[in-house]
Structure formats: C-alpha cells, structure tokens
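Data first, discussion second: the structure below is written as structure tokens.
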Amino acid sequence: MAEIKLATEARTEFGKGAARRIRRANQVPGVVYGHGAEPVHITLPGHDLLLALRTPNVLIGLQIDGKDALVIPKAVQRNPLRGDIEHVDLLTVKRGEKVDVEVAVQVEGALAPGSNLLEYVMNTLRVQAEATNIPQSVTVSVQGMDAGQSVFAKDIPLPTGSVLVDDPEAVVLSVVTAQAEPSEEDGEGEEA
C-alpha cells in the first residue's frame, strides 16, 4: 500500500467557531492520537484529504511540528447533506506494527443456475495486518454455490501477513432461494 503525504498545521483554536473558520478555508479539523501520547489537534487540506480517504484503510504520512507521523483514519465525520468531511480522527501507527482494521468482502463467480440469491450477512471482515501492508479487500469465490450453502469467515482466503480477528464460524455470505411473489389470482375472490 502506498503512503499518501499530506501537509498539516497544528491547531490552537478550538470550538465550533474555530472549526467553522477552518472549514470555510477548505481545511478539515482533525485529531491525531495513539501510543499513549497526548492528542494533537491539526488542520488538513480538505480536497487532498477527501481524495486520500477514497482508499479504504489508507496510510497517511503527516509532518506535525517538524516530526513525521504515520497515521490511519479511525473515524471520519461527514456532513449528512453535502457529504464533505467535517472532522477526522487519525490513529498513529509505526512501521511493522499490527493494527486491527475492517476490509471489504468482494465476491467473484456465478451462483448455480436457478432462482438463487446471494445474501451478504457481513460486508466487511475484521483482520489484523501490518500497518504498512493493510489489504484493500478480500475476495471469495461463490462459483456454483447453491441454495442453503454458506461461506464462513474461516473460508475466506486472507492476504499473506493478515490474521482473522472476527469469529471464524461467523457466516459472511449465504445463498438463499428467491421468494416467489404471490400472483394476483391468489388474492382474488377473497373479498367478502
């Protein structure tokens, strides 16, 4: 995974008014914390941060007060109407350190012929991976699966160096039979 560098500035003003001024300047307020250090309040470039966060579990390189920091997004608050980022919490990580993250589950292949539907019980899996080698997603084949069959967390192949954190017996995907809609003929003649 490539590291994305972002310019930051330490923040000394706090509160709603200060946050609004930061956002009007196309910046995003944020907090960097982790490893027992005091939280550091920062501002980040809004557009660059938005582009960086398009990659799930992105690794971001920051320079805060002359010190380099490696972080991953922990929580992102978005405006519910406009969708722009209002605040971001970033977690400090070190190279070689293992972190717990959620990765998207993707499927490939076609189900067995018939009226089968694929039901996602879980859209993501929690895995533990090295901070500099976090997988973007995991892929599982559903080729030829028929109604009643399931894919468990333990059945999904993980990238090298990743370890499953979720319950291995948890159902991730399930194949079900499509329910037929009742026809209009079934409902006729029942009015009394």
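The values are calculated or read from the model by the stated rules, or taken from the named source; none is laboratory data. Computed from a prediction, not measured in an experiment: that's the story for all the values here. Positions of Cβ are generated from backbone atoms using ideal geometry, with glycine treated the same way; all protein chains shown enter the neighbour counts. These area figures cover heavy atoms from the full protein model, side chains too; ligands, DNA and RNA do not enter into them. Shrake-Rupley method; radii C 1.70, N 1.55, O 1.52, S 1.80 Å.
Tell me whether the range 148-169 contains one or more residues that are among the aliphatic types (A, V, I, L, M), free of Cβ contacts under 8 Å to residues at least 60 places away in the same chain and in contact with a Pro (Cβ under 6 Å, 6 or more places away or on another chain).
Yes: one or more hits.
Quick one: Pro113 ticks every box in (1) assigned to a loop (DSSP other than H, G, I, E, B); (2) at pLDDT below 85; (3) surrounded by fewer than 16 Cβ atoms within 10 Å (Cβ to Cβ) bar one, so which box is it?
Result: Pro113 fails condition (2) only.
Out of the range 16-63, which residues are of a type in the set (Gly, Ala, Ser) and closer than 18 Å to Val101 by Cβ?
Hits for the range 16-63 are Gly34, Ala52, Gly61.
Which residues, counting only those in the range 81-96, are touching a residue at least 60 places away in the same chain (Cβ under 8 Å) and on the phi > 0 side of the Ramachandran plot?
Scanning the range 81-96 gives no hits.
Conditions first: (1) open to solvent by 80 Å² or more (accessible area, probe 1.4 Å); (2) within 17 Å of Val93 (Cα to Cα). Asn26 passes all but one, so which condition is the exception?
(2)
Going through Thr55, Thr132, Thr92 one at a time, which residue ends up being over 30 Å from Ala19 (Cα atoms), open to solvent by 20 Å² or more (accessible area, probe 1.4 Å) and out of contact with any helix residue (DSSP H, G or I) (no Cβ under 6 Å at 6 or more places or on another chain)?
Selected residue: Thr132, the only one of Thr55, Thr132, Thr92 that is over 30 Å from Ala19 (Cα atoms), open to solvent by 20 Å² or more (accessible area, probe 1.4 Å) and out of contact with any helix residue (DSSP H, G or I) (no Cβ under 6 Å at 6 or more places or on another chain).
Given (1) surrounded by 19 or more Cβ atoms within 10 Å (Cβ to Cβ); (2) more than 23 Å from Ala129 (Cα to Cα), where does Gln63 come up short, assuming only one miss?
(1)
Condition (residue is without any contact (Cβ under 8 Å) to a residue 60 or more places away in the chain and touching an Asp or Glu at 6+ places or on another chain (Cβ under 6 Å)) applied to the range 8-19: is it met by at least one residue?
yes
Here is a yes/no grid of residues against (1) on the phi > 0 side of the Ramachandran plot; (2) surrounded by fewer than 14 Cβ atoms within 10 Å (Cβ to Cβ); (3) assigned to a loop (DSSP other than H, G, I, E, B):
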position	(1), (2), (3)
Val138	no, no, no
Met145	no, no, yes
Thr160	no, yes, yes
Val175	no, no, no
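With the checklist (1) farther than 24 Å from Gln136 by Cα; (2) open to solvent by less than 50 Å² (accessible area, probe 1.4 Å); (3) of a type outside the set (Ser, Thr, Tyr); (4) in contact with a Lys or Arg (Cβ under 7 Å, 6 or more places away or on another chain) in hand, flag the one item Asn79 doesn't pass.
Of (1) farther than 24 Å from Gln136 by Cα; (2) open to solvent by less than 50 Å² (accessible area, probe 1.4 Å); (3) of a type outside the set (Ser, Thr, Tyr); (4) in contact with a Lys or Arg (Cβ under 7 Å, 6 or more places away or on another chain), only one is false for Asn79: (4).
Of the numbered conditions (1) within 17 Å of the chain's Cα centre (by Cα); (2) surrounded by 13 or more Cβ atoms within 10 Å (Cβ to Cβ); (3) not in a strand (DSSP E or B), Ile72 fails exactly one; give the number of that condition.
Result: Ile72 fails condition (3) only.
Can you tell me which condition Pro157 does not meet? The list is (1) more than 20 Å from Asp100 (Cβ to Cβ); (2) within 24 Å of the chain's Cα centre (by Cα); (3) not aliphatic (A, V, I, L, M), and all the others hold.
(1)
Out of all the residues in the range 53-62, is one or more outside any loop (DSSP other than H, G, I, E, B), in contact (Cβ under 8 Å) with a residue 12 or more places away in the chain and more than 16 Å from Asp89 (Cβ to Cβ)?
Yes, because at least one residue in the range 53-62 is outside any loop (DSSP other than H, G, I, E, B), in contact (Cβ under 8 Å) with a residue 12 or more places away in the chain and more than 16 Å from Asp89 (Cβ to Cβ).
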